[in-house]
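A short worksheet on the structure shown next.
The values are calculated or read from the model by the stated rules, or taken from the named source; none is laboratory data. Bear in mind that the values here come from a model prediction, so they are computed numbers and not experimental data. Every residue, glycine among them, receives a Cβ derived from its backbone with ideal geometry; neighbour counts consider all protein chains shown.
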Amino acid sequence: MAGRRAAIKAVDWAAFAERVPPSQRAMFNALKTRSDALSARLAALPEKPPTIDWAHYKATVAKAGMVDEFQKKFSALKVPEPVDTQTAKIDAQEQEAAKSTAEYVQASKARIAQYEQQLQKLRSMIPFEQMTFEDLHEAFPETKLDKEKYPFWPHKPIADL
């Protein structure tokens, strides 16, 4: 059992509890209690199952050959262990998620740099109270009206409004 126990991953209950919403706290506590009970039962089991004393049964069972037949069937019995088919898929998903996370972080850093440049531009401008219309049009070219191309108010194409 200890060999199998080593393969079981431990659950970080503190980190898990932080992500549980208050409305589901009771379900989380029930899950943790059940998990702790099962872990305690698993830990109480011996590493290897107790061996069967076939000689004792041969001496006490009245029907001859019955114990030998059971012993032969028992030794021939092989319980197959389940094959792990999901770990490779999970690892691939984890690598893909790590890759997409790294790409997202890189793109976010680029956006942050762009936003910092815009913020620096806004901080270096003269205050709006002191601006003239020429200063405003220089700082924000999209606010300038083209009275020559569009001589009538609103001096912009209707589609741009």
The one condition residue 126 fails out of (1) at pLDDT 90 or above; (2) part of a helix (DSSP H, G or I) is (2)
Residue under evaluation residue 10, criteria (1) outside any helix (DSSP H, G or I); (2) more than 32 Å from the chain's Cα centre (by Cα), criterion not met:
(2)
Evaluation of residue 20 against (1) in contact with a Phe, Trp or Tyr (Cβ under 7 Å, 6 or more places away or on another chain); (2) at pLDDT below 90 (one fails), failing number
(2)
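Condition check ((1) loosely packed, with under 10 Cβ neighbours inside 10 Å; (2) without any contact (Cβ under 8 Å) to a residue 12 or more places away in the chain; (3) over 30 Å from residue 139 (Cα atoms); (4) of a type in the set (Ser, Thr, Tyr)) across all residues:
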| site | (1), (2), (3), (4) |
| --- | --- |
| 22 | yes, yes, yes, no |
| 27 | no, yes, yes, no |
| 41 | yes, yes, yes, no |
| 51 | yes, yes, yes, yes |
| 83 | yes, yes, yes, no |
| 119 | no, yes, no, no |
So residue 42 passes all but one of these: (1) modelled with pLDDT of 90 or more; (2) in a helix (DSSP H, G or I). Which condition number does it fail?
(1)
Has the range 91-105 got at least one residue that is under 50 Å from the mean Cα position of the chain (by Cα), assigned to a loop (DSSP other than H, G, I, E, B) and either charged (D, E, K, R) or loosely packed, with under 10 Cβ neighbours inside 10 Å (or both)?
no
